[in-house]
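The values are calculated or read from the model by the stated rules, or taken from the named source; none is laboratory data. Not measured: the values here are computed from a predicted model. With ideal geometry, Cβ positions are generated from the backbone for all residues, glycine too; neighbour counts draw on all protein chains shown. Side chains are part of the model used for accessible areas, which takes the heavy atoms of the whole protein and leaves out ligands, DNA and RNA. Shrake-Rupley method; radii C 1.70, N 1.55, O 1.52, S 1.80 Å.
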Amino acid sequence: MKNELIDKALLFLCGLFFVIVLGENEDIVVASLISIVIVLVPNLQFGINYKQEIFGAFYILAGIKWIVCLPFYPVICYDFFKKKRYKLVICCVLVLGYYFFVKQNIYETVSSIKEQRYICVVVLLVLLISGRMAVVSSKGQILEEKLKKIRDDGKEKENLLKERNLILLEQQNVEINMATLKERNRIAREIHDNVGHMLTRAILQTGALKVLEKDENLKAQLNVLQETLNTAMNNIRQSVHDLHDESINFEKAVNELIEAFPKLDITFVCEVDGKLDKSIKYGFLAIIKESLTNTIKHSNGEKVKLIIKENPGFYQLFIEDNGTNISENFVGGMGLCGIKERVEKLNGMLRISTENGFGITVTILK
């Protein structure tokens, strides 16, 4: 756009140069102003198609009557070259040829036919220069648009690459977490199977020695040894339980539980950002298992919604099936009693709904 304005300004200055050649005349001022208007027509907002071409055609025709229009042909033809309106450019050349070969009555400010023809030749040369400038400007705009497109595409690909990198990082973190949990499980199993069994054997052997030993002083030492082994066993058992609790991925455990009920079409949504306490984790797993079992045994529903949400102050578990054979005086059986007991242990609240199938909502405060 900037180069285009510079080109038009130079061509307009060339036209003004002929003002000096043709001399001062009010017609020259009018012709120059009209040429400026025609150049600026594309920026005017009114609903006429080809408005610049229409005004330009009238200006070219006016050049047959008034030679003062000729010096400004190059500037108005600049846009015609860019738009490939070559018919209008040819009209300009024909008008110049008309003044060069046909018209003999001299314009009042032109002293001779030779000078008139000189003006036509120079205007024709400037017209050719105008065409060359328009072509260069068009190519420059095309290259600029391509450059912008390449830059935009590059930015888009860069953003896409960043998003993919974030996804890969998240997947990597999940895989690392899963590997960590798997390793914790392995360590817990190793401790339980090896160290736990050896400690149990040592405790039993110590007990046998206490029975066989008659020396009271040695028995006292065996008692101390047995207490130490029992303490070690309890500590290891607690550590193994804690390690195992931490190694359970809650969402994965729920999905594995869902897979155990292939007859049910279960929609599962888990929106838990933080780490669940092990008591809540095991409580929810037990409630989910009991609810799905009740659906299989006592409901004619086959679709289940399972939603687990974490809110700022509480956790919420929602389970609902699409069963229809629910009696109005429904009080529940042993399974529902077990669910109520688990909710009470977690100091939570249980709400039962039988309006659209059987549903329970468990709310546990943080």
Boolean, Glu216 is more than 30 Å from Arg342 (Cα to Cα), at pLDDT 80 or above and loosely packed, with under 15 Cβ neighbours inside 10 Å | no
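One residue is enough: does region 26-49 have a residue meeting the conditions outside any helix (DSSP H, G or I), under 22 Å from Ala134 (Cα atoms), open to solvent by 60 Å² or more (accessible area, probe 1.4 Å) and modelled with pLDDT of 70 or more?
For region 26-49, residues outside any helix (DSSP H, G or I), under 22 Å from Ala134 (Cα atoms), open to solvent by 60 Å² or more (accessible area, probe 1.4 Å) and modelled with pLDDT of 70 or more: absent.
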Filter region 281-313 for residues that are more than 17 Å from Glu259 (Cβ to Cβ) and among the β-branched types (Val, Ile, Thr); the one that is surrounded by the most Cβ atoms within 10 Å (Cβ to Cβ) is Ile287
Going through region 266-280 in order, the residues found to be in a strand (DSSP E or B) and surrounded by 13 or more Cβ atoms within 10 Å (Cβ to Cβ) are Ile266, Phe268, Cys270
Matching residues in region 193-219 (of a type outside the set (A, V, I, L, M, F, W, C) and either over 60 Å from the mean Cα position of the chain (by Cα) or not in a helix (DSSP H, G or I) (or both)) number 11
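Could you please let me know if Arg164 is open to solvent by 90 Å² or more (accessible area, probe 1.4 Å), in a helix (DSSP H, G or I) and either modelled with pLDDT under 85 or of a type outside the set (S, T, N, Q) (or both)?
So Arg164 fits the description; yes.
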The condition from (1) of a type outside the set (A, V, I, L, M, F, W, C); (2) at pLDDT below 80; (3) open to solvent by less than 40 Å² (accessible area, probe 1.4 Å) that Arg117 misses is numbered (3)
